[in-house]
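Colleague: Following this message is one structure expressed as structure tokens.
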Amino acid sequence: MSKILIITCSYDKTVDYIMNKYNHKADFFRFNVDLFSEYKVTISAINWEITHGNNTISKETTTSIYYRKPAFPDTSEFDIEYRRMIKSDILAIIDGLTNSFDGTVITKPYLLRRAENKVYQLVYAQQHSILMPESFVGNNNQWEHLSKPRIIKPLSIGKIATSSGIGIIQTNLMHDEDCYDNIELTPVYIQNYVQKSYEVRVTVIDDNYFAVKIISDNSVDWRNGNNQYELIDVPEEIRECIQKMMKEFQLRFGAIDYIVDDDGNWYFLEINPNGQWQWLECILNLSISDSIMEVLIGGET
């Protein structure tokens, strides 16, 4: 039976779903990085080994790795000057053993970091003449060439830690542009607002495409709206564009977002190389998890 290392966190519900659904198909070892101290990790020049309770996995026994959603442990008990070092050391371990693994990985961290960078995506789209909303990225207010209305979106992950938990910054319309004057240390990502008919999330695993039409009552960001979901066909030219992007980004999994306007034009928004997918599978009875497991196991599920 295949032995799969999943690098994630203790509150990753998608991993709960996968392990419950496929525990008869694979032997899973779940590495919850936020509980790092509960694991014994040993790394040598030729092997690595992770132990949790009575369960042990090593480089030699691992069939594949699913690098999901690792999160760092609470380091508040340490002096503030050591917290960043602790997180960097933990990241060096999980990234190092994953990047150096010779078998199947969804997806190596160095490929994730490159592919999820929105500046990298923007430059790639421009170089390959991919239709997308006209954009500005920078730490000044030279976005006058963008027509109004405009939207502003996170340049990176869009998450901030607060005293009450994790805050999420999502896409918003720009209203009072005077409030964006002092941005020397806070680069912004601004785009023309495209009047959409609907949005599309295309989840891709190798040659398997799961395209979902999203009709939302929120005209800016469907994640803040009441939505309807239905399957949709991907135009051949969009499929070819996605295939080329996935190949050049060296990805076997990707979640790609589009806006479709009233004229049927598909505007590329972004690719998330580690995007969420479970809710779509459950709503529309898709087989996304089957395709993921086929890659991890290396055969039909």
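Here, each number is a calculation from the coordinates, and none is a lab measurement. Because the structure is predicted, anything quoted here is derived from the model rather than measured. Glycine also receives a Cβ, built like all others from the backbone with ideal geometry; neighbour counts cover every protein chain displayed.
Colleague: On C-alpha positions alone, give me the angle between the axis of helix 13-22 and the longest principal axis of the chain, in degrees, nearest 10.
Modeller: Roughly 50 degrees, rounded to the nearest 10.
Colleague: A further question follows. Once you place label points 7 Å from the Cα toward the Cβ at Leu35 and Asp102, how far apart are they in nm?
Modeller: In this crude spin-label approximation the distance works out to 3.2 nm.
Colleague: Arranged from highest to lowest average of other beta-carbon atoms within 10 Å per residue, in what order do the peptides 190-202, 52-64, 262-274 appear?
Modeller: 190-202, 262-274, 52-64
Colleague: Can you figure out the FRET efficiency of Asn265 with Leu185, using R₀ = 35 Å and their beta-carbon distance, to the nearest 0.05?
Modeller: Step by step, r from the Cβ atoms, then E = 0.45.
Colleague: What is the angle, in °, between the Cα long axis of helix 118-127 and the longest principal axis of the Cα atoms in the chain? Nearest 10 is fine, range 0 to 90.
Modeller: The angle comes out at about 60 degrees.
Colleague: What percent antiparallel are the DSSP beta bridges of the chain, to the nearest 5?
Modeller: In the chain, DSSP labels about 75 percent of beta bridges as antiparallel.
Colleague: For Asp27 and Met85 in one chain, what is 0.36 nm times their gap in residues minus the Cα-Cα distance, to one decimal in nm?
Modeller: 17.6 nm
Colleague: Please give the FRET efficiency for Thr63 paired with Trp279, using the beta carbon to beta carbon distance and R0 = 30 Å, rounded to the nearest 0.05.
Modeller: Once rounded, the FRET efficiency stands at 0.65.
Colleague: At a 10 angstrom cut-off on C-beta neighbours, averaged per residue, how do the peptides 279-291, 71-83 rank from highest to lowest?
Modeller: Packing proxy ranking, top to bottom: 279-291, 71-83.
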